[in-house]
Amino acid sequence: MLTASLVLSPGHVVAPVRRRLFGSFVEHMGRCVYTGIYEPGHPTADEDGFRGDVLALTRELGVTLVRYPGGNFVSGYRWEDGVGPVADRPVRRELAWHSLETNEVGLDEFVRWARKAGAEVMYAVNLGTRGVAEALDVHEYANHEGGTHLSELRRANGATQPHGIALWCLGNELDGPWQTGHKTAQEYGRLAAETARALRQAEPGLELVACGSSSSTMPTFGAWESTVLELAYDQVDHISCHAYYEVIDGDVDSFLASAVDVDHVVDSVVATADAVGARLKSTKRIGVSFDEWNVWYQKRFHADPRTDWEIAPRIIEDRYDVTDAVVVGNLLISLLRHADRVVAACQAQLVNVIAPIRSEPGGPAWRQTTFHPFALTSRLARGRVLRVEIASPTTRTARFGDVPVVDAVATHDPDTGEVVLFAVNRGRAEPVEVLVSVTPFGDVEVAEAWTLHDADASASNTRDDPDRVVPRPASAEITGGVLRLVAPPVSWSAVRLALRAS
Ligand code: AHR
């Protein structure tokens, strides 16, 4: 068996655990909204038409923040189509996904759903086909208390209290030629700055996210962030990152090491933002909003992307296996490790569309494999993120070279004394014994320990076998002040240590 040693100490703090790192994303795309979160007539539907089974799973997943309403969808969206009496709402062509949008669910409904889910709303405005005026309008509708045309309209529509949305995305992926209203960095940077300035005139305390690159593989990655921030540095708080991973040409080893790329993306965007700050002689620091991340088998989708103006078509309903779940767990480890600069993160998406939750119209909802590392990380990560020094054997990957087989992060809650270790074994051949001296944390014991692993790394959960893959008790024990976790090949584990009762 291989051995890896980790060093952690309560003093090696990265940052507080930011609860916004456990965000998700609901886009009007495929069946995320319709027959996902919303399905009047479903046996579990509540008085608002929201599926109770999906709501319960969303709460169990531990989602703290939900980005809405897109995604590519938002770049052609008219927010006002989705408010007021449902019978009067127009059906529109939806260009991003070539679907029909009925507008049965809009801003007010979504805010109601998010409240039930216990999650904060992150709202994206359309800077593709629209601009400053429409961004101000939707802000007035959502956040202005009352006494103005649009705030009174909201009140008349039943939302007497303002929605109080604090976090706003200034458009979506406008660097991408596929985006309706695609722009150059110069064009977008100016528009983002103008929109931000206007929104701040309305409500100075908003937190505003400028679009970064849609992927680090874009030819403009880096240059885009630099130009946009040169133009909008003083007006915005954060810049977005998006990243999706999949097995390319059968290269599972590189796929398992995808978190190396997240580390690289965050480090690159932070370096770019700080370089702009230095040029501008600013002491302000820009945060990273990693507001789309996940495993997504895009190559399959791009082979057959079009739907033909259907309502809620089945698009990118990827079924995830154990390997995918280990990668998702590792991506969360990377995001936590960067909690000093990553201020929010949204797994894309929540239900059906590349999602941890699946649902069938009129039928059940279930947890995909990827549900489990997310839910456990959200539940267990508390207090502060600790930097972990990792001495690990390496594994060879075509894409990233030699990478440590074991990756890990830890959290420590000074109030309770609890320590949680999150670790992955990215190797496919052998188990790894992970050793950690826990004496700096006092007299602790293993309170719970979970491993997501299966002898068949391609095993997945389905409607008929929804619990084929679940976390199982991990092999973790403390002897002589050393925690020993046995991490099987292709596994993700979480170990919670608590102070022994005296
Ligand atoms: O999450 C699916 C799509 O991926 C989003 O609509 C878009 O922003 C990204 O390219």
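Observations on the model:
- Protection-proxy order for peptides 456-467, 257-268, each taking the mean of Cβ atoms within 10 Å per residue, highest first: 257-268, 456-467
- Antiparallel bridges, percent of DSSP beta bridges restricted to the chain (to nearest 5): 60
- Estimated at 0.36 nm per residue, the fully extended path between TRP309 and ASP267 surpasses their Cα-Cα distance by 11.1 nm.
- Sequence-distant residues sharing a close amide H with VAL405 (under 5 Å, placed H): THR394, THR395
- Relative contact order (%) - criterion: Cα under 8 Å, at least six apart; region: the chain: 20
- Within the chain, helix-based [θ] at 222 nm, where runs of 4 or more DSSP H residues each add -39,500 (n - 2.57), nearest 500: -8000 deg cm²/dmol
- The label point for HIS149 and the one for ARG500, both projected 7 Å from the Cα toward the Cβ, are 7.1 nm apart.
- Cut-off under 5 Å, modelled amide H: who pairs with VAL295 long-range: TYR245
- Dipole magnitude of the chain about its Cα centre (Cβ charges: Lys, Arg +1; Asp, Glu -1), debye to nearest 20: 680
- FRET efficiency for the pair ALA447 and ALA15, taken as 1/(1 + (r/R0)^6) with r the Cβ-Cβ distance and R0 = 22 Å, rounds to 0.40.
- Between ARG396 and LYS284, the contour length at 0.36 nm per residue exceeds the Cα-Cα span by 36.4 nm.
- Amide H contacts for VAL444 (H built 1.01 Å from N in the peptide plane; partners 5 or more residues away or on another chain; cut-off under 5 Å): ARG500.
- Accessible area in square angstrom per residue, the chain, 1.4 angstrom probe: 37
- Share of carbon and sulfur in the accessible heavy-atom surface of the stretch 298-374 [1.4 Å probe, %]: 45
- With R₀ set to 56 Å, the beta-carbon distance separating ILE248 from ARG115 gives a calculated FRET efficiency near 0.90.
- Net charge dipole, the stretch 237-349: roughly 640 debye, given to the nearest 20, about the Cα centre with Cβ charges of +1 for Lys and Arg and -1 for Asp and Glu.
- One chain, two ends: GLU360 and GLU60. Fully extended at 0.36 nm per residue, the span grows by 106.1 nm beyond their Cα-Cα distance.
- Listed by chain and number, the aspartates and glutamates whose C-alpha is less than 12 Å from the C-alpha of LYS281, apart from same-chain residues fewer than 8 away, are GLU230, ASP234.
- With DNA, RNA and ligands ignored, accessible area of ARG337 (1.4 Å probe; Å², nearest 10): 60
- Counting only protein heavy atoms and a probe of 1.4 Å, the accessible surface of the stretch 190-261 is 49% carbon and sulfur.
- The heavy atoms of HIS139 offer some 10 square angstrom of accessible surface to a 1.4 angstrom probe.
- Selection among GLY383, GLN347, VAL434 by position relative to the dipole of the chain gives GLY383 as farthest towards the positive end (Cβ unit charges, Cα centre).
The values are calculated or read from the model by the stated rules, or taken from the named source; none is laboratory data. Remember, it's a predicted structure, so these values are computed and weren't measured experimentally. Counting neighbours? That spans all protein chains shown, and the Cβs are built from the backbone with ideal geometry, glycine included. Remember, those area values only see protein heavy atoms, side chains included, never the ligands or the DNA or RNA. Shrake-Rupley method; radii C 1.70, N 1.55, O 1.52, S 1.80 Å.
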